[in-house]
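Asks: For reference, the structure I am asking about is given below.
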Amino acid sequence: MSELESVALIASKTPQPGIFLEGFQHIYFLEYKLTSEDDSAVKRAIAEGLMADKVEVVVSFGKTAWQRLQPRWTPATLEPFTTINGEQGHRAPSTQTDVFFWLQGHDIGEVFDQAVQIQTAMQPVAKLMLEERGFDYHHEMDLIGFEDGSANPKTDQLKHDAAVIPKGQPGEGGSLVLSQKWVHNLPKWNQVPVHAQEKVVGRTKDENVELEGDAMPDDSHISRTDLKVDGVAMKIYRRSAPFGGVKKNGLLFLAFGCELIRFSSQLESMYGLTEDKKIDQLLNFSTAVSGSYWFAPAQEDLVEVLQ
Ligand code: HEM
């Protein structure tokens, strides 16, 4: 039995499996704003979209949509994403909508077919607000040439602790989710010498080792995101993927957390909304163009809500 299976035995509810399945080559983001007032039609459409055997589909909901479909309870910390205006003029815009499908697969044809199936089911009840196709780049690298996900929690237990709402809380077995589309300025980034890029990220490029002591700047990406709040490490489980082509490209940032503060504290620190007012140097090379918070319910709660 894997560690995750033993964890599932003590947790009363089961996270959607796609959250923890890694190693896919193709991903797809679909974000919808509900247009229909008919709850039963909405539920049927989502259920149809989720019918899949070759592709992993994880569905999550914005706060308003969740409260509409499940009026009895809401995860304690779930809120809509609100636009962040950074200390030095950088912005993380809110594009919050209602339903988010995250697809992962090994075959782009199958992933595309599933995306079409979802769109066909959802089109009568919702408007597609964001669509983007992501891909694995050189085994989990970001397009900036650094591995993405290295400091993710390592064991199944640690991933679960970071990503899943604990037993006894509303939404137990589910996750809070942050999705953000980031557009890179790769021509600008690629002009930066490697040792300076390493200072921006906070890790070495080839060996992928975290910088230490005086070598680690306060405004590196790692310094801004490796945080503790009231003694608690703000661990999240990141599942981002690159997207785009040679002219426009970037990162589909995606992360799962057991509480919203895990994301909001990191974002505030990146955008300089902290005492030291320093901003993450990565912001000078990449721009967030979308941002939403979601709730990915446990399997049991999803089945109940879609009935
Ligand atoms: C353009 C957008 C972004 C890029 C290219 C990016 C890239 C990276 C890279 C290369 C690393 C180092 C390797 C690793 O541990 O994965 C990293 C670490 C990390 N990133 Fe990002 N990231 C982005 C946005 C974000 C955002 C929006 C957040 C949080 C809201 C975030 C949270 C983290 C965390 C928590 C770590 C690990 C810190 C630690 O060492 O404990 N990143 N990211």
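Asks: If each residue of separation counts as 0.36 nm, what is the full-extension length gain between E147 and M216 once their alpha-carbon separation is subtracted?
Replies: On the way: separation 69, 0.36 × 69 = 24.84 nm, distance 1.77 nm.
Full extension of this stretch gives 23.1 nm more.
Asks: What are the ³J(HN,Hα) couplings of segment 151-162, residue after residue, when phi is run through the Karplus curve with 6.51, -1.76, 1.60 and θ = phi - 60°? Round to Hz, x for glycine and proline.
Replies: 8, 5, x, 8, 8, 4, 4, 5, 4, 4, 4, 6
Asks: Here's another thing I want to ask about it. For segment 94-136, restrict the atom set to alpha-carbon positions and state the Rg and Dmax in Å.
Replies: Rg, Dmax (Cα atoms, Å): 11.3, 32.
Asks: With labels modelled as points extended 7 Å from the Cα through the Cβ direction, what inter-label distance (nm, one decimal) is found for R91 paired with Q169?
Replies: So the two model labels end up 3.2 nm from each other.
Asks: Over all directions, the average projected area of the alpha-carbon convex hull for segment 148-307 comes to how many nm²? Mind showing how you got there, number by number?
Replies: Numbers: hull surface 45.8 nm².
Averaging across all directions leaves 11.4 nm² for the Cα convex hull.
Asks: In degrees from 0 to 90, rounded to the nearest 10, what is the angle of the helix 108-122 Cα long axis to the longest principal axis of the chain?
Replies: Tilt of helix 108-122: around 50 degrees.
Asks: Here is a follow-up. Excluding residues fewer than 8 places away in the same chain, name every one of the aspartates and glutamates whose C-alpha is closer than 15 Å to that of K54.
Replies: Cross-link targets: E22, D107, E110, D113.
Asks: Search the structure for amide H atoms under 5 Å from the amide H of I84, placed 1.01 Å from N in the peptide plane, and list their residues when 5 or more places away or on another chain.
Replies: Under 5 Å from the amide H of I84 lie the amide H atoms of A92, S94, each far enough along the sequence or on another chain.
Asks: Related question: Can you give the angle from 0 to 90° between the axis of helix 39-50 and the longest principal axis of the chain, with both taken from C-alpha atoms, to the nearest 10?
Replies: Once rounded, the angle reads 60 degrees.
Asks: Would you please give the FRET efficiency between V305 and F112, computed as 1/(1 + (r/R0)^6) with r the Cβ-Cβ distance and R0 = 41 Å, to the nearest 0.05? Before the final figure, lay out the partial values.
Replies: On the way: r = 27 Å, r/R0 = 0.66.
Working from the Cβ atoms, E equals 0.90.
Asks: Turning to a different aspect of this structure: Across segment 257-262, in residue order, what do the Karplus-derived ³J(HN,Hα) couplings come to in whole Hz, using 6.51 cos²θ - 1.76 cosθ + 1.60 with θ = phi - 60° and x for Gly and Pro?
Replies: Values per residue, Gly and Pro as x: x, 7, 7, 5, 4, 4 Hz.
Asks: Can I ask one more? Would you please give the residues with an amide H less than 5 Å from that of N249, counting only those at least 5 places away or on a separate chain, with H modeled from the backbone geometry?
Replies: Those lying under 5 Å, H to H, from N249 are H184.
Asks: Compute the Cα gyration tensor for the chain, then decide on rounded, prolate or oblate, letting a ≥ b ≥ c be the square roots of its eigenvalues: rounded whenever a/c is under 1.5, prolate when a/b is larger than b/c in the other cases, and oblate in all that remain.
Replies: Details: a/c = 1.61, a/b = 1.44, b/c = 1.12.
Note, shape of the chain comes out prolate.
Asks: Assign one of three labels to segment 1-119, namely rounded, prolate or oblate, based on the Cα gyration tensor with a ≥ b ≥ c the square roots of its eigenvalues; rounded applies when a/c is under 1.5, prolate when it is not and a/b is larger than b/c, and oblate otherwise. Kindly include the intermediate steps, with their values, before the conclusion.
Replies: Numbers: a/c = 1.26, a/b = 1.23, b/c = 1.03.
Rounded shape, in that the Cα axes give a/c under 1.5.
Asks: Please identify, among R262, R68, R239, the residue showing maximal mean-square fluctuation in a Gaussian network model of the chain using a 10 angstrom Cα cutoff.
Replies: With Cα springs under 10 Å in the chain, the top fluctuation among R262, R68, R239 is at R68.
Asks: Which far-off residues, 5 or more places away or on another chain, put their amide H under 5 Å from the one on S290, with H placed in the peptide plane?
Replies: K181
Asks: Next question, about the same structure. What is the dipole size for segment 3-305, taken about its Cα centre, with +1 at each Lys and Arg Cβ and -1 at each Asp and Glu Cβ, in debye to the nearest 20?
Replies: Values: 29 positive and 44 negative charges, 160 e Å.
Charge dipole of segment 3-305: 760 debye, to the nearest 20.
Asks: Which entries of K181/K248; K63/K248; K199/K235 show an alpha-carbon separation above 19 angstrom in the structure shown? It would help to have the intermediate numbers written out before the result.
Replies: Numbers: K181/K248 12 Å; K63/K248 31 Å; K199/K235 22 Å.
Where the Cα-Cα span goes over 19 Å, the pairs concerned are K63/K248; K199/K235.
Asks: Quick one: 3J(HN,Hα) in Hz for segment 224-232, Karplus 6.51/-1.76/1.60 with θ = phi - 60°, rounded, Gly and Pro as x.
Replies: 7, 10, 8, 10, 10, 10, 6, x, 9
Asks: Label point 7 Å out from T120 along Cα-to-Cβ: which residues of segment 39-66 have amide N under 17 Å?
Replies: 44-55
Asks: Using only alpha carbon pairs under 8 Å that are at least six residues apart, calculate the relative contact order of segment 144-213 and give it in whole percent. Kindly include the intermediate steps, with their values, before the conclusion.
Replies: On the way: 38 pairs, mean separation 16.7, N = 70.
It comes to 24 percent, rounded to a whole number.
Laboratory data are not the source of any read-out in this text; all were calculated from the coordinates shown. Quantities reported herein were computed from a predicted structural model and do not represent experimental measurements. Cβ sites come from the backbone with ideal geometry, for glycine too, and all protein chains shown count toward neighbours.
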